[in-house]
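Below: one structure, written as structure tokens.
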Amino acid sequence: MRVFRAIGRLVKGTWWLFVGMVTTTKHFLRRAITIQYPKERFEQWPRFRGRVAMVAGDDGGHKCTACAQCIRVCPAACITLERHKEGGVKGFVVDGYVIDIGLCIYCGLCVEVCNFDALAMVPEYEMSVYDKAELVYDIPKLLSRQLEPEFKK
Amino acid sequence: MIIHPVLSWLNEWWQGVVATYGLPSCFVPAAQMVVHAILIGGFIAVLVLFLIWLTRKVSAHIQQRFGPMRVGWHGSVQTVADALKLMQKEDTTPRSCDRPVFNIAPFLAFAPTIVAFVVIPFGDGAIIRDLNIGVLFLFAITTINVIGVISGGWASGSKYSLLGGFRSAAQLVSYEVPLVLSALGVIMLAGSMKMGAIVDAQSRIWFVAYQPLAFVIYIIAATAEVNRTPFDIPEAEQEIVAGFNVEYSGMKFAMFFLAEFANMFLIAAIAATLFLGGWRGPWLPGEFWFLAKSFAIVLLLMFFRWTYPRLRVDQLMSFAWKFLLPLAFLNLIITGLILVLI
């Protein structure tokens, strides 16, 4: 009886070899799923979250109040803020607000924590530059790209 | 059909030249040999460039990738760029190596492949020497390849190379037996070892119809012979890095690579000649049919590579000696009985 069992195993094994070849051929005939990156780009889904940007207010300027919540929460410590007190004005006056995109980890915690909707993630992801200094984004640069209105936070 | 008239025209022209200028008559065969050598060398070079591109494309599409796409049309010149890069590379020699053997091993591995192409019938009359021991010569010559591989593995002075060389030697020697035995069935049917006679004997029906078992055994043993994937134990990446060619770089590595791919085509060409009717086919010239059949087998080997996982060393050996060898003998006995009885 062992002979029969061996023959059975042989037939079964040969069958599975055949099944394997059929699977390979099927995949061979399918279309390749590679996206040829610089020539083609993938279709961005509507709420794709790329780099951080500042949201423009009604007057076109930023909405930052210099509360420094984003700086406190940022795990990569990539945000720098310069501010000072001024007589007669409630709160702080923003002198400078800089995000080093080279250090940013795109976690979005600053956007989460911002109480004044001053920050948002915009669908921009091709951030490569030739000089590290170009990765340091100041206020005009952070304001340069805005979200589509329907996706405002 | 294509090659033969061109070659004979060239030969006649050269004979005319020799006669006109009163050169010694030994110049005629000498020039013929040189032309043949250049033809084979050029054919192998172009073939390997194409085969490497084809391998990369086929393997990529099996994994639903594109493979090389940038250099030339669909990356068709990629291999040329890679070859140029290999030529520029530093030719490193490990300190612990056996220098003369290390340097000569790639050529030992590659030379038999070129020699073996001498008896391959590319088309009607397009065979360089139709030796009357054709098949025997072929298998005898291709086995010399092992010496190159094992001496390369030994001379590298690295444990991975040595293991790869040993494994390669063990595997090639044991798979040589079923390979030759499966070819023996064809030789019995054709009644000759001459490649031309074997092709002529298949003018009506291909031998694969008479010898299906031998064909299967041949394909399996041939895959093992050229170290393709289900049997690529000599260069199993996960176990011994790259086997016998770990320490090789630059052009010496390219020689091993060239030998591997040329061997793959050679084994496919032998299969096409012995089992699939060689260059015989309707309407189109014989060279086309020969290449089409050979490349069909090459594609089959490539599909094997991306379908089947690698065997273990002991599985490989027991498969060869306990399974393929008895089957080959069985096939031989049945063929002999039928030949005697009918």
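Coordinate-derived values only; no laboratory data. In this text the structure is predicted, and so the values were computed from the model without any measurement. All Cβ positions, even for glycine, are placed from backbone atoms using ideal geometry, and neighbour counts span all protein chains on display.
Structure above, values below:
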{"quantity": "Helix runs (DSSP H) in chain B reaching 15 Å along axis by Cα, Kyte-Doolittle at least 0.5", "calculated": "B:27-62, B:99-116, B:134-155, B:159-190, B:212-225, B:250-275, B:286-307, B:325-341"}
{"quantity": "Angle in degrees between helix A:2-29 and the longest Cα principal axis of chain A, rounded to the nearest 10", "calculated": "40 degrees"}
{"quantity": "Principal axis dimensions, largest first and in whole angstrom, of segment B:211-286 by Cα", "calculated": "48, 29, 13"}
{"quantity": "For chain B, built as a Gaussian network whose Cα springs stay under 10 Å, the top-fluctuating residue of B:60, B:105, B:272", "calculated": "B:60"}
{"quantity": "Gap separating the Cα centres of segment B:1-59 and segment B:121-176, nearest whole Å", "calculated": "24 Å"}
{"quantity": "Highest-first arrangement of B:128-134, B:70-76, where packing means the average Cβ count within 10 Å", "calculated": "B:128-134, B:70-76"}
{"quantity": "About the Cα centre, charge dipole magnitude for segment A:51-143 (Lys/Arg +1, Asp/Glu -1 at Cβ), debye", "calculated": "320 debye"}
{"quantity": "Per-residue average of Cβ from other chains inside 10 Å of A:16-29", "calculated": "4"}
{"quantity": "Average beta-carbon neighbours from other chains, 10 Å sphere, peptide B:291-303", "calculated": "1"}
{"quantity": "Exposed-loop-free span, longest in chain A, where chymotrypsin sites (Phe, Trp or Tyr not before Pro) count as exposed if DSSP calls them loop and at most 16 other C-beta atoms lie within 10 Å", "calculated": "A:49-105"}
{"quantity": "Rounded, prolate or oblate (a/c below 1.5 giving rounded, otherwise prolate when a/b exceeds b/c) for segment B:205-342 by Cα gyration tensor", "calculated": "oblate"}
{"quantity": "For segment A:51-143, diffusion coefficient by Stokes-Einstein and Kirkwood Rh (Cα), 25 °C, 0.890 mPa s, µm²/s", "calculated": "178 µm²/s"}
{"quantity": "Segment B:69-161 shape via C-alpha gyration tensor axes, a/c threshold 1.5", "calculated": "oblate"}
{"quantity": "For peptides A:54-66, A:78-90, B:211-223, B:45-57, sequence by mean Cβ density within 10 Å, most packed first", "calculated": "B:211-223, B:45-57, A:54-66, A:78-90"}
{"quantity": "Among B:326-337, B:283-294, the order from most to least packed when residues are scored by Cβ within 10 Å on average", "calculated": "B:283-294, B:326-337"}
{"quantity": "Trypsin sites (Lys or Arg not before Pro) lying in DSSP loop within segment A:1-34, provided at most 12 other Cβ fall within 10 Å", "calculated": "A:30, A:31"}
{"quantity": "Electrostatic dipole magnitude of chain B [Cβ: Lys, Arg +1; Asp, Glu -1; Cα centre; debye, to 20]", "calculated": "540 debye"}
{"quantity": "Most positive-pole-ward Cα, A:18, A:6, A:80, against dipole of chain A from beta carbon charges", "calculated": "A:6"}
{"quantity": "Calculated P(r) of segment B:165-215 - Cα pairs past 15 Å, %", "calculated": "52 percent"}
{"quantity": "Most fluctuating residue given options B:122, B:319, B:265, as computed from a GNM of chain B linking Cα atoms under 10 Å", "calculated": "B:319"}
{"quantity": "Square roots of 5 times each gyration tensor eigenvalue, C-alpha, the protein assembly as shown, largest first, Å", "calculated": "64, 29, 23"}
{"quantity": "Scaled radius of gyration (Cα, divided by 2.2 N^0.38 Å) that chain B gives", "calculated": "1.04"}
{"quantity": "Size of electric dipole in the protein assembly as shown: Cβ of Lys, Arg +1 and of Asp, Glu -1, about Cα centre, debye, nearest 20", "calculated": "1320 debye"}
{"quantity": "Positive-end extreme of charge dipole, the protein assembly as shown - chosen from A:137, B:154, B:79 (charges on Cβ)", "calculated": "B:154"}
{"quantity": "Summed residue charge, Cβ within 14 Å of residue B:258's Cβ, Lys/Arg positive, Asp/Glu negative", "calculated": "-1"}
